[in-house]
Each structure stands twice: as structure tokens, then as C-alpha cells.
Amino acid sequence: MAGLVPTSIYKASPPAGMLLSLTRRYITRTSPTLHFTIRTMAIAKHVVAKESDLKDGEKKEVKIGETPVLLSKVKGSYYATSARCTHYGAPLVNGTLASDGRIMCPWHGACFNATTGDIEDAPALNSLQKFEVTVQDGDVIVEADESALAAGKRKPACVKHNKKGYTGKIRVVSREDYLPIDRPKVSKTFGTGDPAGIALRDASHWKSLDVEFKLGTDVTSVDPKGKSVTLSNGDKWTWNHLVLATGGWPKKIPIPGVDLSNVFTLRTVHNNNTIQQAVKSFGGKPNVVVIGSSFIGMELASVASKEANVTVVGMEKVPFERVLGEKVGGALGELHKSNGVNLIMNANVEAIEPREDKSSVGSVKLKGGQTLPADVVVLGVGVGPQTDYLKNSPDFTLEKDGSLKVDQHFKVEGFDHIYATGDIATFPYQHTGQPLRIEHWGFAENTGRTVALNIASKPKKFTHVPYFWTAQHGKSIRYAGFAKEYDDVIIHGDLKELAFAAYYAKGEEILAIASLNKDPVVSYSAELLRIGKMPKASELRKGVNPLDIPLVV
């Protein structure tokens, strides 16, 4: 290579909104063909705002070319990051910004640090891009690398054998025969297809970090004293730290016919695909009966109703009553009815009956004598902690529901190096002091983050405010906090118009918030719960809007 020639172009002092560009251009020449190659590495400086445009704790979306960038002001300083949540692409300008620099997505509760762009809470997997910001002569100037602008996200800084300071090897045993997936899509879509299509990371990512997976395999026993686990294939693995993250497993109801062909539970990608294949095998619009009227059952009813005649049988007065209450559940029930779903509530199933040829399910018989035609039946009657592999171990004490009791670090009681996360963990909820177990994927991710930091010798108590969501006929209901018991539901907005926020109160305390078409009230209220600034029930009844309360920590 010969003839390396650097040149530069610099334009100074443009009016606001104009581009400041600094370009280094390398021209290379190869002999004897006189072939020229131009390589350009460009860093662009853009005047995006006036210094007086934002007050502390405010944010705005600005454009660099056609690319949106989020500009935030935290403790007197400006910061710039990519503008879209790295989970599902929500515009972060519509989310929240607290005085400690924490940004929360308005859709699914993912959190980022405005000053660094780093992830603070799941379900996002990637951090935001961070851009340098300077203030000159009253202008706010963002310096952005073109490739970073185009990417809009970056992977967290993990390297092989050094994950947040942890230098050991990670080995994962999973009953499922595919790599970790975006699990909510299993119930929120119909016909998931190839698990690789919804994988969180591809195989090359895990390989680069030397994370080993043993898929399609169960653990049959755990030996805490010998620090080993025995696998269903007879292998024995030893460990220094053990994380039990086996989640929930679908329940079945003890009635005749529950094991007939075309009677399904929903947990895995394969379950989803098999249910869709069964529905399609009948042609036209077959009869699908969903037993259970909570989140999994109603999500499946929502997506299946496009291809089948769907009937939901529930024991409650209205769908979702146990979690969302009668008012909100009733409104969502009307949404399902308007989309063609038949609801039979206050009902119990007596038996699932076969067709005349005994080949598969033919009907569902309710107590009281009513019979529902059924080509396909899906049991959405809840899940239980998947801890069967611990039941024969005298070293572990299971709670009545089969879960494990953990502390605020999610360390299993009685053990120094064993942790439990997600659905199988009963933990002391920091906002009420009550023992709590939550069955939601995003929550499991965040408990996993807490465990990982503790294993990496960075002690961290779990302080996350639970956040989950459900999709029903194209509408997203969001929920933050947790109200196992409540004595009032305060409604702001219009239930009939499906534009409302619901506040779940126990006395004067607000324990949880649900909303539909009222973003970002749930994300904002989650932050108010985190910093202890949530309005009291009496204030909300008088019309106080949580969005009017500054997120000052």
C-alpha cells in the first residue's frame, strides 16, 4: 500500500440546526494498477437545541438527518442517546425520565440510564447508543458517529469469562430443546413457527461468551452438599453457584377426558405450533374451547378468534377478575365479545368428552348439563412452580405452592450459593413486606439480573417494581406493582371507551396500576412507586393526576 493521504474538512459556527462535520478521508493507491480506494470515517456534530430548551428532568426527541435522538437534561447536564427502546422500538420520549437519570419505556417497562445508555431493567436486551454532548454559545451540540446512529443500540459490555466481573463458566440445563426465546410471543401470537425466529440471541452469541447449553434435558436431583446436579441423561455437573430458574409449568384439571387427543396446555413454542396445526386441520372455523379466563387463556382466545369459533369457560364473574378486578375485567370481557369470543362465566367444567369414534375431543360438558361442541380444547388454568426435581431432596423446604423462599438477593433460604428466580421464587416484596410470588417473564428477567450481580460479587437487593403487559385483540393492557389484596379500584378515564387508568388501593396506599390507551401512566406510576411519591387513594379520588408529580428522587 502506498500514498496514504489524510485530508479534513471543518465547517464552524453554523446557525442552530445546521450540521458541524469533521471528516477524515483516507485515499489509498495500489501499484501498478493505479486502483484507488476511498475510506471515510465520519464524526458529525449537530446543533440540535438551545441550552434553554430543556429544564432539569425534561427530555425531547431531536433529529440528526432522518434519525431520531433522545436529548435529556439530568442534574444540569445534557445527555444524548438513541431514541427507541431496544425491546420493541417504543419512542422513549413518550416514557419517563426521573431526576436520577433513569429512563423507562412507555410500553413494557424496560429501563435505561440516560447518562450512559446502559440497561437498568429488562425486558430490553441491548443498551442505547450514547452520543457526546457539548454546549457552546448557548447551542446544544451532539457529536454522533454515523455507524452508531444507524445501529441505534449496542450489546452490553460482556466478554468471554468476564461478565460484570464474573470470570467463571456458565452452563445451562433446559427442558426445552431450543435456545432462550422471547417467551410472551408463545401466547400472544398464533403459530410461532421456528423457535430460532423468536430467539433472544443466536447460537454464535452464546458461543462467543462460552455459555454452554444442555437442551432437551431435565435435572432429576440437586445435591447441595456435594455441589452437583444430576441430569436426566445420567450426567452429573458440579457447580460453585447454582441458579434455579425452572419457571412455571401448566396445570391440568382432574376431570375425565383431560388426556384426550386435541386437548392442550400452552407453555412451549411446540405447544403453540401444535395448537395452530390442530385448528387448521379442520378447515373452515372449528370450535375451540379455552378453559380458564386469566391471561394465558384470554391471550390465546384473542389470537385464535381470527381462525376459529372460540368459547372461553371461566370460574370468575368476568375475565381477569382475580388480578384486575370486576370493573376492568368486565370492560375487557366486552372487548372479547365484540370480537366474536363467546364467554361462559361462573362456570365449572365437569368433563371433556370424546367424539363418537373416540379419536379425539368432541365436546366439553359443564356442571349443570350444558355441552359445548369442541374440536380443540386448551387448558389455561394457571401454572405451578416447576420444582418436582427438588421434592425428593431433604435439603430443600418447599412452600405450600411448591415454590422456594428467598431473601431480597434471591438467595434460597439456608444456602449461601443457591439462588432461585422467577416463577419458583417467593420473595419479600419491598413495598409491602409480604411474601410474594409473581408469574411473569419480564419479572423473571429482572430477578435474574439481580442474581447475576450478586454472583459477580456486587451485592444488590431486589428493588424492582413488577411490570407486566398483556395483548388482547390488538390492544395492550399494562400493569405495574402488585395487589394481591385490595379494597378499591379507582378509575380515571372511561371503561366503556377502553381508555382508562385503574388504581388498586389498600386503604390509602396504591399497590398497583393498570391502564389501556393511557400511556405512559403505568410506567410513570411505576417510577412513583419506586421513589415513594405515588399519590394516596384519597388524592386520586379527588382527581389528582400522577403525571403531574415530578419524578424527583
In segment 413-469, residue surrounded by the fewest Cβ atoms within 10 Å (Cβ to Cβ) [restricted to those that are within 18 Å of ASN240 (Cα to Cα) and polar (S, T, N, Q)]: SER457
Selection status of LYS358, modelled with pLDDT under 95 and more than 36 Å from the chain's Cα centre (by Cα): yes
Pair list, Cβ under 7 Å, 6 or more apart: segment 301-319 residue part of a loop (DSSP other than H, G, I, E, B) and open to solvent by less than 40 Å² (accessible area, probe 1.4 Å), other residue among the acidic types (Asp, Glu) and modelled with pLDDT of 95 or more: VAL318/GLU326
Restricting segment 214-270 to residues that are at positive phi and in contact with a strand residue (DSSP E or B) (Cβ under 6 Å, 6 or more places away or on another chain), the residue that is surrounded by the fewest Cβ atoms within 10 Å (Cβ to Cβ): LYS227
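For every residue, the table says whether it meets (1) of a type in the set (S, T, N, Q); (2) over 29 Å from PHE443 (Cβ atoms); (3) touching a helix residue (DSSP H, G or I) at 6+ places or on another chain (Cβ under 6 Å).
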residue	(1), (2), (3)
ASP218	no, no, no
GLY234	no, yes, no
ASN240	yes, no, no
GLY248	no, no, yes
THR268	yes, no, no
GLN277	yes, yes, no
ILE291	no, no, no
SER302	yes, no, no
Residue in segment 51-63 that is surrounded by fewer than 20 Cβ atoms within 10 Å (Cβ to Cβ) and among the hydrophobic types (A, V, I, L, M, F, W, C) present: yes
Selection status of PHE427, over 13 Å from ALA122 (Cβ atoms), hydrophobic (A, V, I, L, M, F, W, C), outside any strand (DSSP E or B) and touching a Pro at 6+ places or on another chain (Cβ under 9 Å): no
Index of the failed condition, LYS163 passing every other in (1) under 30 Å from THR230 (Cβ atoms); (2) without any contact (Cβ under 8 Å) to a residue 24 or more places away in the chain: (2)
LYS164 at positive phi, open to solvent by 60 Å² or more (accessible area, probe 1.4 Å) and either touching a helix residue (DSSP H, G or I) at 6+ places or on another chain (Cβ under 7 Å) or of a type outside the set (A, V, I, L, M) (or both): yes
Residue within segment 366-389 that is basic (Lys, Arg), more than 26 Å from LEU231 (Cα to Cα) and surrounded by fewer than 23 Cβ atoms within 10 Å (Cβ to Cβ) present: yes
Segment 182-208, subset hydrophobic (A, V, I, L, M, F, W, C) and open to solvent by less than 40 Å² (accessible area, probe 1.4 Å), residue farthest from GLU445 (Cα to Cα): PHE190
Test: residue in segment 489-506 that is surrounded by 14 or more Cβ atoms within 10 Å (Cβ to Cβ), out of contact with any strand residue (DSSP E or B) (no Cβ under 8 Å at 6 or more places or on another chain) and in contact (Cβ under 8 Å) with a residue 60 or more places away in the chain: yes
Top-ranked residue of segment 82-131 - restricted to ones that are part of a loop (DSSP other than H, G, I, E, B), touching a residue at least 60 places away in the same chain (Cβ under 8 Å) and open to solvent by 30 Å² or more (accessible area, probe 1.4 Å), ranked as farthest from GLU58 (Cα to Cα): LEU125
Segment 203-238, residues that are more than 22 Å from SER403 (Cα to Cα) and assigned to a loop (DSSP other than H, G, I, E, B): LEU209, ASP210, LEU215, GLY216, GLY226, ASN233, GLY234, ASP235
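Okay, residues lined up against (1) out of contact with any Ser or Thr (no Cβ under 7 Å at 6 or more places or on another chain); (2) over 22 Å from ALA90 (Cβ atoms); (3) of a type in the set (Val, Ile, Thr):
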{"residue": "ALA480", "(1), (2), (3)": "no, no, no"}
{"residue": "ILE491", "(1), (2), (3)": "yes, yes, yes"}
{"residue": "ALA505", "(1), (2), (3)": "yes, yes, no"}
{"residue": "ALA537", "(1), (2), (3)": "yes, yes, no"}
Neighbours by Cβ (under 9 Å, 6+ apart or cross-chain): first from segment 144-160, over 26 Å from LYS207 (Cβ atoms); second open to solvent by 80 Å² or more (accessible area, probe 1.4 Å): ALA144/GLU132; ASP145/MET41; GLU146/MET41
Qualifying residues in segment 507-553 (those that are polar (S, T, N, Q) and free of Cβ contacts under 8 Å to residues at least 40 places away in the same chain) - the one most open to solvent (accessible area, probe 1.4 Å): SER538
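The values are calculated or read from the model by the stated rules, or taken from the named source; none is laboratory data. As the structure is a computational prediction, the values presented were derived from the model and not from experiment. Please note: Cβ atoms are built from the backbone with ideal geometry, for glycine as well, and neighbour counts cover all protein chains shown. We work out accessible area using only protein heavy atoms, side chains counted, and drop any ligands, DNA or RNA first. Shrake-Rupley method; radii C 1.70, N 1.55, O 1.52, S 1.80 Å.
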